[in-house]
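The values are calculated or read from the model by the stated rules, or taken from the named source; none is laboratory data. Because the structure is a prediction, the values reported are computed rather than measured. Cβ sites come from the backbone with ideal geometry, for glycine too, and all protein chains shown count toward neighbours.
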Amino acid sequence: MYLDTGRDITARFRDADCIEISVQDEIATCITSSIPENEEVSVTLAMTFDGEERQFSGYDFTYMPNPRIEYIDRTTSIMSGGPDITLTGVRFDLIQEPRIVVTSLTTDASNSELCNGTETILTCPTPSFPDDAIPARRRRATDDAMIANLSFDFDGNVIDGGTIEYFPDPVYESFSGNSRIYESDNKRLEITGMDLTLASTEDDVLVLLGPDGECTVDDLEMNVLRCQLPDNQPQAGNLNGTLGQGDAKNLPAVTVLHGNLRFYPGFVSAWSATGDSLVLAIVISSVVGLIVIITLIIILLWWSRKEQRYLQRARGEVEMVRSNMMNRIREVGTTSLDVSVADDRTQKHGVPFRGHVHCLTMMLFNGLGVHPETTDPEYMEDFMEHSVISFYRMLKKKEVLTDFIRQLERKKEGRGREREIIASLLAITFVSEGKSIHFTDVVMSLVEDEVRMASESSREMDTLFTNTETIAEKLVSSWFTLFMFSYLKVYAFYPLYMLYQAIKTQTEKGPIDEGTGEAYYTLEFNKLFDQTVEFHSLGLDVVDEDGQVYLHVNVLDVDSVKQVKKKVLDCAWRRGYCLKPRDVDAVDLVLVQTHQQSILLRETSEAQGKIIANTMNSYGIQDEYRVALIPKQHGEGDGYQALDLKEVASDKYVSLQYVTDEDVLDSHLPQQGSKVIHLKDLEQSKMKESTMPDHIQQKRADLDRNLAFPHMLTMKASISPYVDGIFEVMFKMPAKVPLPIKHLFDTFDGLAVKYGEAYAKDWKKNCLSNFWRSVLTNLPSLFEMPRSETANSCVDILADALKHATKTISLKQGESDHLPYYNEHPLQRKMVMDYCNEIANQPKLRPIKLNRACSNISKEFKDQFSHLSNMMHLYNLTKSDVENLFK
């Protein structure tokens, strides 16, 4: 303390004076000068306060040997710069700001760029040619290379790299035709140009498709570039999301990134539109149903022989069961699902993904009560800013960061939430700040340490990387999520979105009890509607303020008024009349009898002290009746004015306000403990009034509960193609797996030599299972779309099925009875194993390609999060441990 006492304060380490010194009460920051020895030397700190010198014998400072460059992979570039130069050597991790510098041979002009890497490898993007006075035409027209001096500035230690040759910039030509559309029938794309291979290879070129797609470059010649288009069409438009004109409106734009240059040759058309999906009959479901029928008949025959006096009643009961069962088996065999409207919406507006920040917040910080900051703090004291910056510089050293994490593991034991927050903030900070290579290196070290410590303790080796209770395991999980994000965006968002639409569409084909949440079609056994209810489909015409029909909506005659309002708003959203989901509680529904007369449909009514949900049957509404949406009415009145959802700019439309995530989820669902009676209690009342004996009524209810299982099979059969599509994206595209994931799996295989191959396979499955379960669990929140509680619970069932599919042990028999995907688990486990084996058989990864892939991840999240705010949050969480870190 009191380091700032005095006016003239200096410091030195033996004979090396501090070039610059900044002193505060508790911290002094020094920029050291050099010493003659180029070896590891420990020196003692001495400080002078107004001429009075004080020795600090307990504070040794170690000078390390200078970093050494052993190999430079190339010394060529293009005039505009950008291609990477890779250095190999030693002690690169000692450098705080490594820079590549090019200097003109004829003037004092120079340009520089920051490098990024590990202890032994540095990747440096080449700067542009330093002489700005050279005309642009000469930069491209000259056949001779321009030469500049090359050097590397390692925190003031400048190392001569010789000279670097600069070749003319490449030129890419636009596609022919007024619309500039490239037609491809073989999923290949060719772009012509000039001087494409001068100082460049295919690794230096990136071809982007639309805002979220990529064309894999596999051939680069002097005058042509060739790349492989993806199987599915990327989102239409340019990088910034703007759409093309005319014939190019629904096509992705092509953007070529060559070094620091960008070219926009036009648009590409290579994908044909897909028609409606035809869902095949599910044979195994019918077999299961037939077995149930036979079992029930045997039970009933045995009972009838024992109780002869009930023979006539038993025959009637058997006939009733047979009729119900055959109807439900027939449903399973004739299942079909049409989600073409939802698919058409994606063709027009794209998949409604909510963005990088929201996605990572949900997947990395879900349930933690905090979120990563995206803006810098408005004000920060100088002392705090200096402390945070110094803290971050220390964390950039691999050994320091690893030791710091281990200290936190011990001190934060039993405080799982704080551990997860710390790990998530570290992951976000390093990736968004361009330190993905450093982050990857640290994660691999932590993986090795976790395995070693587990082998030395009583922890079960096969459960490693299953939970996120430790900082190290949460860091591995967060790293896996960040480096799988590009794969998720390119290949998974569309099938995930269509899966949810298919689930929601199928659940709404049957009744859903507004009071209990039980559904006719669902994958959740405990929420199956366990009573017989008759329902029929109704087609309603929705009219605007002029009485013109602009929507046709299919509902059920047993749907409540609130459910019908929701279906109208959902239909309007799918048809593109509104780009965001709307609040169902902001509108009322009216039955239009004439152009001047309408009847307000109340959501509930009260009878005998009970709140009853009004249905379409309650109001006698039949097929092809006309309805309209109006602003919410808070009292009686005439002359309701209908809302026209087509007029999104209308003044009347402001009554349908945008709502938050929570509002969307809760607006159409009954609150916990809701007293509303919709279907179930009404059916029980009808049963009591029936003339059938009470014990027959009770027997019918019990049988209906057990026979509701075919409804679950119908649900499963309907969405089967979309579930299969998701599993294909998860475990049938090993060639598309991001390179850092391949690197992690290779690390597991390397550890298998010592700890066993079976454990390595378990670790891979655990990482994959954690990631995809997190994706499915957060699926409803990833997209800006209408949602429902029943569809959300079905997605949770799929996530639970994935968890069991990646386990190496079988479920207990008692658990398997109620799991719709239990029989598929062996096949799914084999699919996961084949996926991991194919990745293991891929060629060993080169460090250069790994570093380039890591750098691309940092570009993906650049400027998405506030580095300063998140580091300050992390600093405040670990303040007491930071002091030990500085020591």
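Restricting attention to the stretch 51-95, the residues being touching a helix residue (DSSP H, G or I) at 6+ places or on another chain (Cβ under 7 Å) and more than 19 Å from residue 114 (Cβ to Cβ) number 2. The condition of being under 35 Å from the mean Cα position of the chain (by Cα), at pLDDT 60 or above, outside the structural domain of residue 236 (by TED's automatic domain parsing) and over 17 Å from residue 870 (Cβ atoms) holds for only one of 361, 346, 295, that being 346. Checking each residue of the stretch 169-182 against the condition of being under 30 Å from residue 67 (Cα atoms) and not assigned by TED's automatic domain parsing to the domain that holds residue 853 gives no match. Checked against the criteria, residue 200 counts as part of a loop (DSSP other than H, G, I, E, B) and surrounded by 19 or more Cβ atoms within 10 Å (Cβ to Cβ). Does residue 207 satisfy the criteria of being of a type outside the set (Lys, Arg) and surrounded by 22 or more Cβ atoms within 10 Å (Cβ to Cβ)? Considered against the rule, which asks whether it is of a type outside the set (Lys, Arg) and surrounded by 22 or more Cβ atoms within 10 Å (Cβ to Cβ), residue 207 comes out as yes. A search for C-beta distances below 6 Å between a residue of the stretch 199-213 that is closer than 18 Å to residue 168 by Cα and any residue that is of a type in the set (S, T, N, Q), counting only pairs 6+ apart in sequence or on different chains, returns 199/76; 199/77. Can you tell me which residue is surrounded by the fewest Cβ atoms within 10 Å (Cβ to Cβ) among those in the stretch 27-46 that are of a type in the set (Ser, Thr, Tyr) and in a strand (DSSP E or B)? The extreme case among them is 42. Here residue 426 passes the criteria (1) buried (at least 23 other Cβ atoms within 10 Å of the Cβ); (2) in contact with a helix residue (DSSP H, G or I) (Cβ under 6 Å, 6 or more places away or on another chain) except the one numbered (2). For residue 778, indicate whether it is modelled with pLDDT of 90 or more, surrounded by fewer than 17 Cβ atoms within 10 Å (Cβ to Cβ) and among the polar types (S, T, N, Q). Judged against the criteria, residue 778 is not a match. With respect to (1) over 27 Å from the mean Cα position of the chain (by Cα); (2) crowded, with 23+ Cβ neighbours inside 10 Å; (3) within 30 Å of residue 799 (Cβ to Cβ), the lone exception for residue 540 is condition (3).
For the stretch 362-388, residues that are touching a residue at least 60 places away in the same chain (Cβ under 8 Å) and either in contact with a Ser or Thr (Cβ under 9 Å, 6 or more places away or on another chain) or not hydroxyl-bearing (Ser, Thr, Tyr) (or both) total 17. Out of everything in the stretch 96-122 that is closer than 16 Å to residue 72 by Cβ and not in a strand (DSSP E or B), what residue ends up being farthest from the chain's Cα centre (by Cα)? Only one residue tops the list, namely 120.
Within the stretch 405-416, residues that are at pLDDT below 75 reach partners that are among the hydrophobic types (A, V, I, L, M, F, W, C) and part of a helix (DSSP H, G or I) with beta carbons closer than 9 Å, at six or more positions or on different chains, in the pairs 412/422; 412/471.
Taking the stretch 140-186 as the search range and keeping residues that are in contact (Cβ under 8 Å) with a residue 60 or more places away in the chain and among the charged types (D, E, K, R), which one is nearest to residue 266 (Cα to Cα)? It comes out as 180.
Inclusion of residue 448 among residues that are surrounded by fewer than 21 Cβ atoms within 10 Å (Cβ to Cβ) and touching a Gly at 6+ places or on another chain (Cβ under 9 Å) is warranted. Residue count for the stretch 783-810 satisfying the condition of being within 25 Å of residue 562 (Cα to Cα), touching a His at 6+ places or on another chain (Cβ under 9 Å) and assigned to a helix (DSSP H, G or I): 1.
With respect to being at pLDDT below 85 and surrounded by 16 or more Cβ atoms within 10 Å (Cβ to Cβ), residue 867 falls outside the description. Comparison of 143, 131, 169 shows that the only residue that is at pLDDT below 95, charged (D, E, K, R) and either part of a helix (DSSP H, G or I) or surrounded by fewer than 16 Cβ atoms within 10 Å (Cβ to Cβ) (or both) is 143.
Just one of the listed residues (577, 550) is at pLDDT below 90 and either in a strand (DSSP E or B) or among the β-branched types (Val, Ile, Thr) (or both), namely 550. With respect to residue 591, determine if the residue is modelled with pLDDT of 90 or more and under 30 Å from residue 343 (Cα atoms). Answer is no for this residue.
When we screen 290, 301, 261 for residues that are modelled with pLDDT under 80 and more than 28 Å from the chain's Cα centre (by Cα), the only hit is 301.
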